[in-house]
Amino acid sequence: MTSVRHGARALLPRPLWVLLRRVWSYARRLGHWGLIMIQLRGDSVSDTAKLWLSAIAAPLTALPDLDRWRNPQLLFDARIRVAGSGRFLCRRGTDDLWHVLPAAQRALHLALAEVLAPGGVFVDAGANIGAFTLPAARLVGPAGRVVAIEMMPETVLRLRDHARDNGL
């Protein structure tokens, strides 16, 4: 893909290349919302509505800054259920939604499932809101141990809330 992109960039006039890159970026952003709607669920009727409203607004909210990477964002705080991981409070205007999306880190989720077993140990350095901490805790079970390290005070609070809300 990279060689095709570089070849096209060399052949096309700069304005056309910039336009195509922005169209591609916009399409990817909307595609990410498709993955979100397939893999994530609202924890309540209200949370489901917040998730759907954010997805419906995505064609407009995905437009700014097409020259930069931008994670999908919720318009409202919402509790999100992730199969195999647990429940998370995803904050509006943050990258929380992207962090909990299994498709965003598919290889890591597969590696966790392959390597971790009941009674195992997992260290999550830079645990963020617990997108890997929670599934790892489920995999190692009550006999295992998970050490989650996060340096941002507000994010640590979310991580603790998520661990508590998921019975861990």
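The values are calculated or read from the model by the stated rules, or taken from the named source; none is laboratory data. These figures come from a predicted structure and were not determined experimentally. Cβ atoms come from the backbone with ideal geometry, glycine included; neighbour counts cover every protein chain shown. Keep in mind that these areas ignore ligands, DNA and RNA; they rest on the heavy atoms of the full protein, side chains included. Shrake-Rupley method; radii C 1.70, N 1.55, O 1.52, S 1.80 Å.
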Filter result (open to solvent by 40 Å² or more (accessible area, probe 1.4 Å) and farther than 18 Å from Asp47 by Cβ) within segment 62-94: Leu63, Pro64, Asp65, Asp67, Arg68, Trp69, Arg70, Gly84
Which numbered condition Ala104 fails, given (1) modelled with pLDDT of 95 or more; (2) outside any loop (DSSP other than H, G, I, E, B); (3) buried (at least 18 other Cβ atoms within 10 Å of the Cβ): (1)
Flag for Ala143 being open to solvent by less than 30 Å² (accessible area, probe 1.4 Å) and of a type outside the set (Val, Ile, Thr): no
Leading residue by the ranking (farthest from Val100 (Cα to Cα)) among those in segment 26-44 that are open to solvent by 50 Å² or more (accessible area, probe 1.4 Å) and touching a helix residue (DSSP H, G or I) at 6+ places or on another chain (Cβ under 9 Å): Tyr26
In segment 114-168, residue modelled with the highest pLDDT [restricted to those that are more than 18 Å from the chain's Cα centre (by Cα), small (Gly, Ala, Ser) and under 17 Å from Val82 (Cα atoms)]: Ala137
Search result, residues across segment 59-101 that are assigned to a helix (DSSP H, G or I) and among the aliphatic types (A, V, I, L, M): Leu60, Leu97, Val100
Test for Ala137: is it assigned to a helix (DSSP H, G or I), out of contact with any helix residue (DSSP H, G or I) (no Cβ under 6 Å at 6 or more places or on another chain), aliphatic (A, V, I, L, M) and crowded, with 19+ Cβ neighbours inside 10 Å: yes
